[in-house]
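Structure first, commentary second.
The values are calculated or read from the model by the stated rules, or taken from the named source; none is laboratory data. Keep in mind the model is a prediction, meaning the values are calculated, not measured. Here the Cβ positions follow ideal geometry from the backbone for every residue, glycine too, while neighbour counts run over all protein chains shown. Remember, those area values only see protein heavy atoms, side chains included, never the ligands or the DNA or RNA. Shrake-Rupley method; radii C 1.70, N 1.55, O 1.52, S 1.80 Å.
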Amino acid sequence: MKNIFEYDRFSLVQAFIKGKEYSVGCIRIEGKAIALNVVEIITKNSFFGHDEKHRINKAEEILLIQDSEITRTLKDLSIKIFESTGYEFMCRFDFIVTESEEIYFLESNPIPGMMKNSIFPKMLKGHKLSIPSLFIHLSCSSQNISEKKSIFNYIIE
């Protein structure tokens, strides 16, 4: 925290939750929300930070093909979050699951990475979808969505 206070007066501290980290992608195809295969994330120090995400051999990301009770639950939760928050096209959700199988939702990422080593393309591949085919589906779907407009009046006095 000392390092943070060199740059800002505030910081946000979150308790460390020990457990396995999972990521679940959701996409909307032909109006239906679909959960992709779950990815289990394994790191040496049990933390999936910037280095682990972007440096080779800092994390192992395992695409779980066979569903278990926990992966089915994570998929169901992801679809519920996807639908209830109004995501239109795609999103990736991250969770921690403790030894006693308590599930903690960490974050949602509506613009998931699409680079060669990113998690989302691995999920798509497990669902027999390529990045181009996903974007073709999304492009076709977006034509059926009415335009959303937000008006923001900004006045400087």
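Observations on the structure shown:
- Of the residues examined, F48 is not one that is among the aromatic types (F, W, Y), outside any loop (DSSP other than H, G, I, E, B) and touching a residue at least 12 places away in the same chain (Cβ under 8 Å).
- Cross-chain or 6+ apart pairs with Cβ under 7 Å, the range 64-88 first and over 18 Å from V39 (Cα atoms), then among the charged types (D, E, K, R) and surrounded by 16 or more Cβ atoms within 10 Å (Cβ to Cβ): E88/R28
- A residue that is part of a loop (DSSP other than H, G, I, E, B), at pLDDT 85 or above, among the aliphatic types (A, V, I, L, M) and open to solvent by less than 90 Å² (accessible area, probe 1.4 Å) occurs nowhere in the range 37-45.
- Counted residues, the range 101-126 - those being out of contact with any strand residue (DSSP E or B) (no Cβ under 7 Å at 6 or more places or on another chain) and either closer than 13 Å to C91 by Cα or surrounded by 13 or more Cβ atoms within 10 Å (Cβ to Cβ) (or both): 8
Yes/no matrix, rows are residues, columns are (1) more than 12 Å from the chain's Cα centre (by Cα); (2) under 21 Å from S133 (Cβ atoms); (3) among the polar types (S, T, N, Q):
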| site | (1), (2), (3) |
| --- | --- |
| A15 | yes, no, no |
| L63 | yes, yes, no |
| F82 | no, yes, no |
| E88 | yes, yes, no |
| F93 | no, no, no |
| V97 | yes, no, no |
| F105 | no, no, no |
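- Screening A33, A15 for residues that are part of a strand (DSSP E or B) and either more than 20 Å from K125 (Cβ to Cβ) or at pLDDT 90 or above (or both) leaves exactly one candidate, A33.
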